[in-house]
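Bear in mind these aren't lab numbers, they're just calculated from the coordinates by the rules spelled out. Quantities reported herein were computed from a predicted structural model and do not represent experimental measurements. Positions of Cβ are backbone-derived with ideal geometry, glycine not excepted, and every protein chain shown enters the neighbour counts.
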Amino acid sequence: MIRHATADDLDTIAALHLEARSTYYRGHIPDTEFAGPEELARTRAGWSRAVGRGDVLCAERDGEIAGVAAYSRGDGPEGTVTLTQLHVLPTHWRRGVGTELHTACLDAWRTDGVTAARLEVFEKNERAQAFYAARGWTPDTEAPRSGTHLVLRLTMEPAAE
């Protein structure tokens, strides 16, 4: 089941975020940049802002949050949205949770008239890169990198009327 996140979900979302990020950052950047109490507080604050905007979707399995996605409508040209986060608990990888979240994001964006999306993916996270490529995301030809992240774009057909 996919649903909008609420303030009651913040601790669970922040912990899920940190657990998922540790799987691809560990060994590539210092742990203090993605783990620890300060990072947990910063992460929770960021998620709190996104939940307040109504731009966070949760995927539930057996009554527990198994994945989360967040997006922002204000970072690009009109008609463009940024997928800022999509994380799935490692214990739920390859079970359709990410695909379900991705599809729910696309549905929400199309309903809102969005025709283009962008995201940044850590350059060492080949699993995520393959996930997005399989769903039609391609490298941004104008700005292919943002620091240690690759920038990907997706063009969508408008919602059928």
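Here are a few things to note about the model shown:
- Efficiency of FRET from Cβ geometry, T148 and T103, R₀ 22 Å, rounded to 0.05: 0.20
- Computed about its Cα centre, the charge dipole of the chain is approximately 280 debye, with only Lys, Arg, Asp and Glu carrying charge at their Cβ.
- Only Cα sites of the chain enter the Debye sum here, all with the same form factor; the resulting log10 I(q)/I(0) across q = 0.17, 0.21 1/Å is -1.08, -1.64, listed in q order.
- Between E19 and R3, the modelled label-to-label distance comes to 1.9 nm, taking each label 7 Å out from Cα in the direction of the beta carbon.
- Potential lengthening of the chain between A45 and T155 amounts to 36.6 nm, from the contour at 0.36 nm per residue minus the alpha-carbon distance.
- Region 96-161: C-alpha gyration tensor shape, a/c 1.5 cut-off, then a/b vs b/c: oblate
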